[in-house]
Amino acid sequence: MDQTKIALLSQLFKEWCGQEPQQVTELPPSGSYRSYCRMQSASYSALGAWNADARENDAFLSFTDSFYKMGLPVPEIYASCQPEEVYLLEDLGPVMLFDRVHNHPLDDTVKDLYKQSLKGLVDLQLKGKDIIDFSKCYPRAAFDRNSMMWDLNYFKYYFLKLVRIQFDEQALEDDFRHFTDYLLKEKGDYFMFRDFQSANIMIRNEKPCFIDYQGGRRGALQYDPASLLFDAKAKLPKAVRQELIDYYVDILAEKTTVYRVEFMHYYQGFVLIRLMQAMGAFGFRGIVEKKPGFIESIPPALTMFADLLDEWTLPVEIPELKTCFKRMLGSVYLKSLINKLIE
């Protein structure tokens, strides 16, 4: 973050709390192009954010305002200067759910944090559909066919082609069309967080708080729990993933009608499209941009693909896509590339 932006944020900080920030610490970059810094004075702390994408800022600020007013677990916005692309928000601390699952045994305490997160997600999804201004969504107002095809092509060009997985182009396009036709049959008028993963859940006082939902849009319920439970970086065991999705459906059923068998069929489909989107990100951010952490996520993600193939129940024919998954799992080139890039 350049000094001009830090100076603007320092001014916002002083206007907010009446004190000059005594310490400004830039936070490590993540998968996005946003920049953050922690700003602290003798009595106050806040996060300063800068993002050159004005529409993304507008979405985040609008969603946060709506969620916060409803008492949902999101940060408070203290101040913003949208022409200058900066804003000041509540400091939720340095601990992510990812830190807790990665650095501690996967015991009942950690699983309880996941359950709290899923319970909060249900409120966000169900209440969000009524309070969010969906005209602020960016880049799409819904997880519609265009959104799905963007993700599938992201997977094709930034993973399959990048790691030299062979496929029949027309057959794969046919499968993409059949697959999206199937997913679009599920009801999709809820708020979809879009990137509900362990790195976007902050833990403060043993309670989860949510960040980075600026890509939210209308969508099906299944996508967000799929994002969290099949988060390759977290490496949740299969049995724990099953326990947690059962818990999510139980909580959901307390608040709305759920047909479990049908829900779980679609859930597997949304797990699949989320994993493909993630593989595209691992290819682009890891292999192309060489950002740390993304290459290391590919092996656990491949294990998740193997689990899906072993338990395949999707009622849609996508033979070329399934063949691609099997070729990924058996690719000598992919394994050697991963080993080379991790060294």
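Residues that are under 16 Å from ILE273 (Cβ atoms) and β-branched (Val, Ile, Thr) were ranked within the stretch 303-333; the one that is surrounded by the most Cβ atoms within 10 Å (Cβ to Cβ) is ILE318. For the stretch 29-84, a residue qualifies if it is on the phi > 0 side of the Ramachandran plot and at pLDDT below 95, but none of them does.
Counting just the residues of the stretch 145-181 that are among the aliphatic types (A, V, I, L, M) and part of a helix (DSSP H, G or I), which one comes out nearest to ARG194 (Cα to Cα)? Residue satisfying both the conditions and the ranking: MET148. Of the residues that make up the stretch 26-38, is at least one crowded, with 19+ Cβ neighbours inside 10 Å and of a type in the set (D, E, K, R)? Yes, there is a match, as at least one residue in the stretch 26-38 is crowded, with 19+ Cβ neighbours inside 10 Å and of a type in the set (D, E, K, R). Give me the residue from the stretch 105-144 that is within 30 Å of HIS178 (Cα to Cα) and among the aromatic types (Phe, Trp, Tyr) and, out of that set, farthest from the chain's Cα centre (by Cα). Filtering first and then ranking leaves PHE134. If you go through the stretch 239-261 and pick out every residue that is in contact (Cβ under 8 Å) with a residue 60 or more places away in the chain and either hydrophobic (A, V, I, L, M, F, W, C) or outside the structural domain of GLN222 (by TED's automatic domain parsing) (or both), you end up with 4. Can you tell me which residues in the stretch 99-144 are of a type in the set (Lys, Arg) and within 22 Å of ARG274 (Cβ to Cβ)? Result: ARG100, LYS111, LYS115, LYS119, LYS129, ARG140. On the given criteria, is LEU275 over 17 Å from ARG164 (Cα atoms), surrounded by 20 or more Cβ atoms within 10 Å (Cβ to Cβ) and either in the same structural domain as ALA199 (by TED's automatic domain parsing) or in contact with a Lys or Arg (Cβ under 6 Å, 6 or more places away or on another chain) (or both)? Answer is yes for this residue. Only residues that are free of Cβ contacts under 8 Å to residues at least 40 places away in the same chain and not β-branched (Val, Ile, Thr) were counted in the stretch 157-180, giving 5.
When you check TYR78 against the structure, is it touching a residue at least 12 places away in the same chain (Cβ under 8 Å), under 16 Å from ASN200 (Cβ atoms) and not small (Gly, Ala, Ser), yes or no? Taking the combined requirement at face value, the residue does not satisfy it.
Where helices (runs of 4 or more DSSP H) fall entirely within the stretch 201-292, those with at least 3 residues that are more than 16 Å from GLU311 (Cα to Cα), modelled with pLDDT of 95 or more and among the hydrophobic types (A, V, I, L, M, F, W, C) are at 238-253, 260-281.
The values are calculated or read from the model by the stated rules, or taken from the named source; none is laboratory data. Please read all numbers here as calculations on a predicted model, not as lab measurements. Because the Cβ atoms are built from the backbone with ideal geometry, glycine has one as well, and the counts that use them run over all protein chains shown.
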